[in-house]
Amino acid sequence: MPKGALTQKGIERLMPQGAHAYVYWDTELSGFGVRVSPGGTKTFVFVYRTPAGRQRWKTLGRFGAVPLEQARKLARVDTGIVASDQDPLKHADAARNAFTVKEVAERWMASPLWEQRSARTAESYRQLLDRLILPALGGIPIGEIGQDDAIRLHESLRKTPIQANRAIRTLSSLLTWSMKGKVRYRVLGHNPCFGVELYPENKRERYLTDDEYARIGRALRTTTVAPPIKTAIELLLLTGARPIEIASLQWSFVDWVGSTLKLPESKTGAKTIYLSPDAVRVLKKWPRHAHSLYVFPGTGRGDDSRRGDHLHPSTLTHAWADLRGLLGLEDVRLYDARHSYASVAVSAHGLTLPQIGAQLGHSQPATTDRYAHLHDTVAKQHATQVGGSIAAALKKRVR
């Protein structure tokens, strides 16, 4: 953490450091410093704790517009206010009604910026807010959220590290918007989510074996699985698609001539899913439902969306949980069907990593690289076969 006695020339020499802002702290007055943005803007700030123990940031003015000594005097006045168990931002809070995290989150979700997000991302953010963030922090004024709150939220979710990390990223996005939107609900300053150490996310790999595929197939044929669920799961297994892509599939996306599904929107944008003859047969046997655009309309009950919408992905997830319990495959998630598709593509058919990425619709090569160990195994098998053929040729006697 950079610090030193603030001087006019010293501040002029401060330069941006990477993609994040930083604060150069004054060693003569506790809590007083200069925030340097990635673009080089320098702003005087004062950081303190309220009588309740919350860390708050107050902006004192932009360097150049406010002289250093004036900013230092303002910080000294605020130091005295804090020493008398008062909050220097109390009047500013009252002026903007001290909006709570919940109130600002509702405005965020109704903003034009929110509408620019993909439906999948928006739904993920909404669920994280409703289930994890707002129950913990919703009633706190957003201006009072500090790093202690972010760390406390993160640590409370340590048993589900991926969810914990996603919650912090979502809270960070909300706080950034609250400081930089047309209406600022929080004083521009340091985002308290920056610096929260995220949990390691160990990618879990689970691939179905031939025997497990056979058991699942038999269960789909013989158990009392509802026809829409059975057909949707069968398509997931045959295509390697994401559950949401099959659950929300529309008939207009099906290209019968090209044997493809042309999705206008997915996690990675527009996407084409290539259908095998077996997948085409599954779709052709499945009846169209009157007055619905969707291949699998929702019922309006339970986990499904309201009637007229598509089958909710959680309906598939819950049905799969029951099915895998019957089969003794408790460690197999529905999403593992996608990993298993990639595994078969490599091990049984020798597809390269770029080919798998194209098939599954990966936008980044790094996403496909998780299957590199499978590709290495196939490459070793090929090397054994090729090397064996050459070795055999070398051993042949020449007449």
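The values are calculated or read from the model by the stated rules, or taken from the named source; none is laboratory data. These numbers were taken from a predicted model, which means no experiment stands behind them. Positions of Cβ are backbone-derived with ideal geometry, glycine not excepted, and every protein chain shown enters the neighbour counts.
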Of (1) out of contact with any helix residue (DSSP H, G or I) (no Cβ under 6 Å at 6 or more places or on another chain); (2) touching a residue at least 40 places away in the same chain (Cβ under 8 Å); (3) under 26 Å from Ser118 (Cα atoms), Leu175 satisfies every one except (2)
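Conditions tested, residue by residue: (1) at pLDDT 85 or above; (2) among the basic types (Lys, Arg); (3) in contact with a helix residue (DSSP H, G or I) (Cβ under 9 Å, 6 or more places away or on another chain); (4) surrounded by 13 or more Cβ atoms within 10 Å (Cβ to Cβ).
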| position | (1), (2), (3), (4) |
| --- | --- |
| Phe46 | yes, no, yes, yes |
| Lys58 | yes, yes, yes, yes |
| Phe63 | yes, no, yes, yes |
| Ala75 | yes, no, no, yes |
| Thr79 | yes, no, no, yes |
| Arg96 | no, yes, yes, yes |
Every residue from the range 232-285 that is at pLDDT below 80 and more than 30 Å from the chain's Cα centre (by Cα): Ser276
Filter the range 299-328 for residues that are assigned to a loop (DSSP other than H, G, I, E, B) and at pLDDT 75 or above; which is farthest from Ile244 (Cα to Cα)? Gly328
As an exercise: evaluate Ser172 against (1) under 24 Å from Ser314 (Cβ atoms); (2) under 15 Å from the mean Cα position of the chain (by Cα) and give the number of the one condition it does not meet. (1)
Only residues that are closer than 30 Å to Pro88 by Cβ, free of Cβ contacts under 8 Å to residues at least 60 places away in the same chain and not hydroxyl-bearing (Ser, Thr, Tyr): list them for the range 146-166, please. Ala150, Ile151, Arg152, Leu153, His154, Glu155
Condition test on Gly138, is it out of contact with any Leu (no Cβ under 6 Å at 6 or more places or on another chain), of a type outside the set (Phe, Trp, Tyr), on the phi > 0 side of the Ramachandran plot and surrounded by fewer than 19 Cβ atoms within 10 Å (Cβ to Cβ)? no
Going through the range 232-256 in order, the residues found to be hydroxyl-bearing (Ser, Thr, Tyr), buried (at least 20 other Cβ atoms within 10 Å of the Cβ) and assigned to a helix (DSSP H, G or I) are Thr239
Tabulated pairs, the range 57-80, first more than 27 Å from Pro141 (Cβ to Cβ), second at pLDDT 90 or above, C-beta under 6 angstrom, 6+ apart or interchain: Phe63/Ile11; Phe63/Lys42; Leu68/Gln8
Quick check on the range 6-44: of everything there that is small (Gly, Ala, Ser) and not in a loop (DSSP other than H, G, I, E, B), which residue is surrounded by the most Cβ atoms within 10 Å (Cβ to Cβ)? Gly33
Would you check which residues across the range 48-63 are assigned to a loop (DSSP other than H, G, I, E, B) and on the phi > 0 side of the Ramachandran plot and list them? Gly53
Select from the range 81-94 the residues that are touching a helix residue (DSSP H, G or I) at 6+ places or on another chain (Cβ under 7 Å) and assigned to a loop (DSSP other than H, G, I, E, B) and write down the one among them that is modelled with the lowest pLDDT. Leu89
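Just give me the residues in the range 1-15 being under 16 Å from His190 (Cβ atoms) and at pLDDT 90 or above, in sequence order.
Passing the criteria: only Leu14.
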Closer than 30 Å to Glu123 by Cα and not basic (Lys, Arg), is that true of Ala105? yes
Looking only at helices (runs of 4 or more DSSP H) that lie completely in the range 98-212, which have at least 1 residues being small (Gly, Ala, Ser), more than 27 Å from Pro38 (Cβ to Cβ) and at pLDDT 85 or above? 134-137, 147-156
So in the range 264-283, with the set limited to residues that are touching a residue at least 60 places away in the same chain (Cβ under 8 Å) and under 20 Å from Asp309 (Cβ atoms), which one is surrounded by the fewest Cβ atoms within 10 Å (Cβ to Cβ)? Glu265
Test result for Ala98, over 20 Å from the mean Cα position of the chain (by Cα) and not acidic (Asp, Glu): yes
Take Ala21 and decide whether it is farther than 30 Å from Ser84 by Cα and among the hydrophobic types (A, V, I, L, M, F, W, C). yes
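Among the residues of the range 154-170 satisfying the criterion of being of a type in the set (A, V, I, L, M, F, W, C) and within 12 Å of Glu197 (Cα to Cα), which is surrounded by the fewest Cβ atoms within 10 Å (Cβ to Cβ)?
So the residue we want is Ala164.
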Are any residues in the range 112-144 closer than 30 Å to Lys90 by Cβ and under 15 Å from the mean Cα position of the chain (by Cα), and if so, which ones? Leu129, Leu132, Ile133
